[in-house]
Amino acid sequence: MTLDIRNVTPFVYRCPLDEPVATSFGTMRDRPMVLVRVEDREGAVGWGEIWCNFPAVGAEHRARLVDSVLAPLVCEKTFASAQEAFEHLTRRTAVLAIQSGEPGPIAQAIAGLDIALWDLEARRAGQPLWKFLNPGAAPNIQVYASGLNPTNPEGLALARQKEGHIAFKLKIGFGIERDVRNLQALRTSLGPAALLMVDANQAWDVRTALDVLPRLEPFQLQWLEEPLRADEPWSEWAKLRERTSVPLAAGENIMGLEAFDLVLKSGVLSVVQPDIAKWGGFSGCFPVAKRIIAAGRTYCPHYLGGGVGLLASAHLLAAAGGDGRLEIDSNPNPLRTLLSGPVQTICDGKVTLPDRPGLGIEPDAVHLKEYAVSWR
Ligand SMILES: [Mg+2]
């Protein structure tokens, strides 16, 4: 069955935050979300989500990229599959990506559109995406509670533990004394069985990382995420790998099959974290996930956004298999909770995906009006 897309419609949403979130790359005053809806000649529909967290003004720009650049390309011909559409979009925007200096936003917009095309294909086939991608897959995945900020992280972590989480990721890089105090507080509150990870969000250089690593080692961390800048050569990361027992993780800032192959070849990462809404969609990230697992590494989807992209990440993890965990933000965000249905029922650190076709969600049946932003 071919893909003959007639309509591509992006939507922008913003949910105000009570407390702005400060990061090293800017302040978030709201949680943004860009959804994209595709419809084929017969009226079959699919939904995707485009990563748009930074810069904070960027959501409307992603929607305009879809509207003005990608929609005409996806509607100009029929495709044998979503995979073929992904390759067409990537090829036809390659020069624009260089000329505009915007390979990131263009890749993100293509990724979200790709999710929508796969959702449409799976719905048409009457299968949930995890099964459509891999008929031999099981619908159960492991999850973890992410986004624990450095102020009173144990309060939020305890609330998530009560909801069924058993694994928790703390943001660090706020001075090693504060980081260690927070890890101790988490260990004390959550108990000895809780699994802990940390994310430094590219905070350190090699020397600082080597200085602080001995302080992190006693906490038996599942992984240390992005201790260095993501554009540091893998030979620099190897210096950490050689000197510590803490498994290293990265991937949310890696783009392209070749780049993932390179890091797998280097052997420095134990945990690899592609973001399905940031690069690749299912077409790019399913092959990458399979290569990560074949290389003996752990595939853990990176994700921070609304519920549609979270569901896509969940389906991809279920299809890929392995021992990885799905990242679920711990902080309140109705754009996530209103749209991610089954992913919110957590039992002993696990989630079961339903048998509903596609991603299993109808965003137009969800009341999102109060968050909608007009951007045209
Ligand atoms: Mg991270």
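Overview of values
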{"read-out": "Protein accessible area in the chain, 1.4 Å probe - carbon and sulfur %", "value": "52 percent"}
{"read-out": "Degrees separating the helix 176-190 axis from the principal Cα axis of the chain, which is the longest one", "value": "80 degrees"}
{"read-out": "In nm, spacing of pseudo-spin labels at K265 and E42 (7 Å Cα→C-beta vector)", "value": "4.3 nm"}
{"read-out": "Efficiency of FRET from Cβ geometry, E258 and T208, R₀ 45 Å, rounded to 0.05", "value": "0.90"}
{"read-out": "Derived scalar couplings ³J(HN,Hα) [the stretch 13-20; Karplus, 6.51 cos²θ - 1.76 cosθ + 1.60; whole Hz; x for Gly, Pro]", "value": "10, 9, 10, x, 9, 5, 10, x"}
{"read-out": "Length gained when the stretch S189-F174 is fully extended (0.36 nm per residue, less Cα-Cα span)", "value": "3.3 nm"}
{"read-out": "Compactness index (Cα Rg / 2.2 N^0.38 Å), the chain", "value": "0.95"}
{"read-out": "On Cα atoms only, tilt of 103-125 relative to the major axis of the chain in degrees", "value": "60 degrees"}
{"read-out": "Once the Cα gyration tensor of the stretch 131-352 is diagonalised, semi-axes √(5λ) in Å", "value": "25, 23, 14"}
{"read-out": "Per residue accessible area of the stretch 315-369, 1.4 Å probe, in Å²", "value": "41 Å²"}
{"read-out": "Size of the stretch 126-179 as Cα extents on the principal axes (Å, biggest first)", "value": "51, 24, 15"}
{"read-out": "Per residue, the convex hull volume that the Cα atoms of the stretch 56-113 enclose (Å³)", "value": "72 Å³"}
{"read-out": "Under 30 Å, Cα to Cα: Lys pairs in the chain, sequence gap 8 or more or different chains", "value": "29"}
{"read-out": "DSSP bridge pairs, the chain: antiparallel proportion in percent, nearest 5", "value": "55 percent"}
{"read-out": "Mean separation of Cα contacts under 8 Å, 6 or more apart, over the residue count of the stretch 131-352: relative contact order %", "value": "25 percent"}
{"read-out": "Residue of Q83, Q108, Q220 that the Gaussian network model of the chain assigns the largest fluctuation, springs spanning Cα pairs under 10 Å", "value": "Q220"}
{"read-out": "Normalised contact order of the chain, rounded percent, pairs of Cα under 8 Å and 6 or more residues apart", "value": "20 percent"}
{"read-out": "Stretch gain in nm, segment A125-S68, where the contour uses 0.36 nm per residue and the Cα spacing is subtracted", "value": "17.6 nm"}
{"read-out": "Highest to lowest packing among 138-145, 307-314, scored as the average C-beta count within 10 Å", "value": "307-314, 138-145"}
{"read-out": "Given charges at beta-carbon only (K, R positive; D, E negative), |dipole| of the stretch 131-352 in Debye", "value": "400 debye"}
{"read-out": "Near-label residues of the stretch 156-198 by backbone N, under 11 Å of a point 7 Å along Cα→Cβ of E19", "value": "156"}
{"read-out": "Rounded tilt (10° steps) of 234-243 against the dominant C-alpha axis of the chain", "value": "40 degrees"}
{"read-out": "Neighbourhood net charge (11 Å Cβ-Cβ; Lys/Arg +1, Asp/Glu -1) for A319", "value": "+2"}
{"read-out": "Per-bin percent of Cα-Cα distances, the stretch 231-376 [10 Å]", "value": "11, 37, 32, 16, 5, 0"}
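The values are calculated or read from the model by the stated rules, or taken from the named source; none is laboratory data. Values in this document were obtained by computation on a predicted structure and should not be read as measured data. All Cβ positions, glycine included, derive from the backbone under ideal geometry; neighbour counts span all protein chains shown. Ligands, DNA and RNA are excluded from the accessible area calculation, which covers all protein heavy atoms including side chains. Shrake-Rupley method; radii C 1.70, N 1.55, O 1.52, S 1.80 Å.
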